[in-house]
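**Q** A single structure is presented below for examination.
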Amino acid sequence: MLRTALALALLLLAGCSTPQPEQHSGHVHPAAPPSSSSAATPAGGFSDTDVAYVQLAIPQDETTLPVLELAKTRAGVDPALAALATEVETGHHTELDKLRKALSDAGQTYLNLHEGHDMPGMVTADELDKLTKATGPAFDDQLRALLRAHFEESTTVAKSELSAGSNAAVLDVTKGIESSRAAYLAKLGT
């Protein structure tokens, strides 16, 4: 029920009526507007798709930050994971700054429409609690699973923005997100 409500909210936010949105992992990504359409482009060159994307990309990164902090500070963590966590944390802070600046420059306000939601690619309070209680190899395994889910889902959402978005600043950040997630997944391994 929650996922249906989220999908509906994202559709309303994105202003999509036709074509049909792409569905993935239980939620909806805005579809590209038809080229002959005069799809709404709010002030600052932000399309509805750009707004919906940024409103999702920010909490995806924000919910991952506590996980990254745990990975950096927990004794006994696989050193490669700890190093990756440091790299990802730095990258996420940069992405968040750029996404917030793009919103601000366009006169848009950030609304955390996804707070408390259980969505793919976002770390839930329950997942963070379980990770906090884990130790040794169990911690490393849970950390890898959370990071993999976050990297994969943020890549999927980024691809939707790259195919349907219009704001140059957001598209630039999104290209970096797509590229960094591929690099992070490669470092995470199997």
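The values are calculated or read from the model by the stated rules, or taken from the named source; none is laboratory data. Fair warning: this is a prediction, and the values are worked out from it, not measured in the lab. A quick note on method: Cβ atoms are made from the backbone with ideal geometry, for glycine too, and the neighbour counts reach across all protein chains shown.
**Q** Give the residue, chosen from 107, 176, 91, that is on the phi > 0 side of the Ramachandran plot and out of contact with any strand residue (DSSP E or B) (no Cβ under 7 Å at 6 or more places or on another chain).
**A** Going through 107, 176, 91 in turn, just one is on the phi > 0 side of the Ramachandran plot and out of contact with any strand residue (DSSP E or B) (no Cβ under 7 Å at 6 or more places or on another chain): 107.
**Q** If I ask for residues that are over 14 Å from residue 87 (Cβ atoms), part of a helix (DSSP H, G or I) and without any contact (Cβ under 8 Å) to a residue 60 or more places away in the chain, which ones from segment 173-190 would you list?
**A** 175, 178
**Q** Let me ask something else. Checking the conditions here, which among 146, 84, 162, 131 is farther than 28 Å from residue 48 by Cα and under 14 Å from the mean Cα position of the chain (by Cα)?
**A** Step by step, each of 146, 84, 162, 131 is checked, and only 146 is farther than 28 Å from residue 48 by Cα and under 14 Å from the mean Cα position of the chain (by Cα).
**Q** If you check residue 97 against the conditions, is it among the charged types (D, E, K, R) and modelled with pLDDT under 90?
**A** Taking the combined requirement at face value, the residue does not satisfy it.
**Q** So which of 82, 57 ends up being of a type outside the set (Val, Ile, Thr), modelled with pLDDT of 90 or more and over 21 Å from residue 173 (Cβ atoms)?
**A** Only one candidate passes the filter, namely 82.
Here is a yes/no grid of residues against (1) of a type in the set (Asp, Glu); (2) touching a residue at least 24 places away in the same chain (Cβ under 8 Å); (3) in a helix (DSSP H, G or I):
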| site | (1), (2), (3) |
| --- | --- |
| 131 | no, yes, yes |
| 138 | no, no, yes |
| 150 | no, yes, yes |
| 157 | no, yes, yes |
| 166 | no, yes, no |
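**Q** Let me ask something additional. Restricting attention to segment 83-101, which residues are more than 14 Å from residue 57 (Cβ to Cβ) and surrounded by fewer than 18 Cβ atoms within 10 Å (Cβ to Cβ)?
**A** The answer is 83, 86, 87, 90.
**Q** Please find, within segment 50-78, the residue that is nearest to residue 103 (Cα to Cα) out of those that are among the acidic types (Asp, Glu) and part of a helix (DSSP H, G or I).
**A** In this case the residue turns out to be 50.
**Q** Enumerate the pairs (first residue in segment 58-73 and free of Cβ contacts under 8 Å to residues at least 40 places away in the same chain and surrounded by fewer than 20 Cβ atoms within 10 Å (Cβ to Cβ); second residue anywhere and part of a helix (DSSP H, G or I) and among the polar types (S, T, N, Q)) with beta-carbon separation below 8 Å, excluding pairs fewer than 6 apart on the same chain, so at least 6 apart or on different chains.
**A** 72/86
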